[in-house]
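The values are calculated or read from the model by the stated rules, or taken from the named source; none is laboratory data. Nothing here was measured: the structure is a model prediction, and the numbers come from that model. Note that each Cβ is placed from the backbone with ideal geometry, even for glycine, and that neighbours are counted across all protein chains shown.
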Amino acid sequence: MEFMAIVDAKARTPAGCAVVGIYESEELSTAARQIDKQLAGLIAGLLGSGDFTAKLGDTLMLPLADGSTASRLLLVGLGPRATFGRRQYRKALQASAQALAKTGAGDAMIYLALEPVPELDVQYRARMVSEIFTSHAYKIPDLKTSPKPKARRLSTVHVATADARGEKAAAEGLRVGAAIGSGLAFARDLANLPPNVCTPTYMGNRALQLAKEFPSIKTKVLDAGAIKALKMGAFLAVAQGSEEPPRLIVCEYRGTRKAVAPICLIGKGITFDSGGISLKDPPAMDEMKFDMSGGAAVLGTLRAIAELKLPVNVVAIVAACENLPSGTAVKPADIVTTMSGQTVEILNTDAEGRLVLCDAITYSRRYKPAAVIDVATLTGACIVALGNHISGLMSNTPTLAQELESAGLRADDRAWRLPVGEEYVDQLKSNFADLANVGGREGGACTAGSFLGKFAKDLAWAHLDVAGTAWVSGAQKSGTGRPVPLLVDFLIHRTKAA
Ligand code: BES
Ligand code: MN
Ligand code: ZN
């Protein structure tokens, strides 16, 4: 899908479909008024007759007679002007994308970004158009044998702006949104593929492909031998139950001078989490193919920033393996030595995420990173705490936490801070090793985060627990790609601050 910004406050651009927003029980928006004039009061008439009430997300598609500038007109309800904000704006865009997909229109002219939205400048308003339209066009890589539905027609999306300055800002926003969209799609593809396809080896190959596609990315994929040489005893303990070999995937993105300290993004890449010897219950175990979503998201983020040629240095590190029960699997009470030298008593083999991540965090030290952010579907407890709307955010560095929280707000990919520290580390005491890998039911997301904090130590570190946000269950079961939007926004703002 192609996106372009155009100066057109008068709604004069010919298009397959013109998309205009209408506020509930109010005078028309600027663009709607222009079009209404061209159409001899058609919109005002529809509102007067009660045929369109402009509730948020309502749409009405109207074919237009020959001679009109557009072949179709899509009215989109914006709800009351007083409550129109970021979420309402996004909802209106989603409804537009959905309605447009049902038509034969090959191109669309969107007038929604002309509307003011509190706290959203024109760049963000345009960015959300390309992000949402790209995401809406996303197709799950399914293996259904029935014939695929025809590819959608909509290939060009224009966004109207008021003036030349707005046009420039919107063009930049469209570029960012499209890159986030492709990063999201990359992450979602990996997450949605079945675990017999998306293995650690497969993830490594996709990361190698990224390096082929983008000269700014260099990828190395470490095998079991190399992981052993690094003394990643915790990571290897998780991997040892499976025939599928583990991979430590390292992608270096160079967007600025070599001397600039990189941000390390670390992803949990458990391509299937059965729980191991501490086996999970069967219901919904299939969803544990999504347990590599953190790894997929950091690779998707790298893809997005490489596309944007963002002037930052970022290293994505994915610890990928399976967690399975077998005769060689790690057992409850086994003690392992992590790469940091600290010993860990594995009391529950289902708390495997923190085991692969702790060694990846230690590995990241070789980059002398400016910050380390790990992303993981780490705990069911985080879902209990925050539900499926907001990711858990834990950190030892308040300024970093603040930056990530703000990025999440701006990107509509929110994260909420949870505590980590000494009190929770106390719950991880072991009689036999430096640490236990579980700390009881209470504050499960925080004990997991605090476990990681014992390895991050002096690093500026943050942890995103995306257990509740990385995928949706039910009829629409699918990876979401979160927190790609949050991370890309965070990195964009880092470049501005520097
Ligand atoms: N991958 C799971 C966490 C998870 C569970 C994510 C359900 C999304 C939905 C993780 O490896 C895990 O099993 N965590 C355990 C930790 C416990 C044993 C301390 C959990 O949350 O039950
Ligand atoms: Mn587990
Ligand atoms: Zn897991």
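Somewhere in the range 165-177, is a residue modelled with pLDDT of 95 or more and among the acidic types (Asp, Glu)?
The answer is yes, given that some residue of the range 165-177 is modelled with pLDDT of 95 or more and among the acidic types (Asp, Glu).
Mind checking which residues of the range 361-380 are in a loop (DSSP other than H, G, I, E, B) and within 16 Å of ligand 2 (Cβ to nearest atom)?
THR377, LEU378, THR379 - these are the residues of the range 361-380 that are in a loop (DSSP other than H, G, I, E, B) and within 16 Å of ligand 2 (Cβ to nearest atom).
Tell me yes or no: at least one residue of the range 327-342 is of a type in the set (Lys, Arg), within 16 Å of ligand 1 (Cβ to nearest atom) and under 18 Å from ALA456 (Cβ atoms).
no
Within the range 91-112, how many residues turn out to be in contact (Cβ under 8 Å) with a residue 60 or more places away in the chain and under 22 Å from SER25 (Cβ atoms)?
Within the range 91-112, residues that are in contact (Cβ under 8 Å) with a residue 60 or more places away in the chain and under 22 Å from SER25 (Cβ atoms) number 4.
Confirm whether ALA320 is assigned to a strand (DSSP E or B), within 16 Å of ligand 3 (Cβ to nearest atom) and assigned by TED's automatic domain parsing to the domain that holds ASP374.
yes
Need the failing condition index for ARG90 against (1) under 30 Å from ARG414 (Cα atoms); (2) modelled with pLDDT under 95, just the number.
Result: ARG90 fails condition (2) only.
So, of the residues in the range 307-322 that are surrounded by 24 or more Cβ atoms within 10 Å (Cβ to Cβ) and under 17 Å from the mean Cα position of the chain (by Cα), which turns out to be farthest from ligand 2 (Cβ to nearest atom)?
Step by step, filter the range 307-322, then rank; the result is VAL314.
Of the conditions (1) assigned to a helix (DSSP H, G or I); (2) within 16 Å of LEU114 (Cβ to Cβ); (3) of a type outside the set (Phe, Trp, Tyr), GLY21 satisfies every one except a single condition; which number is it?
Here GLY21 clears every test but (1).
Looking at ALA54, ALA108, ALA11, can you tell me which residue is under 35 Å from the mean Cα position of the chain (by Cα), assigned to a loop (DSSP other than H, G, I, E, B) and either modelled with pLDDT of 90 or more or not hydrophobic (A, V, I, L, M, F, W, C) (or both)?
Only one candidate passes the filter, namely ALA54.
For residues in the range 365-378 being surrounded by fewer than 24 Cβ atoms within 10 Å (Cβ to Cβ) and not aliphatic (A, V, I, L, M), which is farthest from ligand 3 (Cβ to nearest atom)?
LYS368
Residues of the range 347-362 being closer than 16 Å to LEU222 by Cβ and buried (at least 24 other Cβ atoms within 10 Å of the Cβ), which ones?
Within the range 347-362, VAL356, LEU357, ASP359, ALA360, ILE361 qualify.
So is ALA99 assigned to a strand (DSSP E or B) and either in the same structural domain as ILE492 (by TED's automatic domain parsing) or modelled with pLDDT of 95 or more (or both) or not?
no
Looking only at the range 252-290, how many residues end up being closer than 24 Å to VAL488 by Cβ and either away from ligand 2 (no atom under 15 Å from the Cβ) or among the acidic types (Asp, Glu) (or both)?
Residues meeting the conditions: 16.
Considering the range 69-85 alone, what residues qualify as being crowded, with 17+ Cβ neighbours inside 10 Å and of a type in the set (Gly, Ala, Ser)?
ALA70, SER71, GLY77, GLY79
Within the set of pairs 6+ apart or on separate chains, which have a first residue in the range 42-64 that is over 21 Å from GLY16 (Cβ atoms), a second that is modelled with pLDDT under 95 and assigned to a helix (DSSP H, G or I), and C-beta atoms under 6 Å apart?
If the second residue must be modelled with pLDDT under 95 and assigned to a helix (DSSP H, G or I), the pairs left are ALA44/ASP36.
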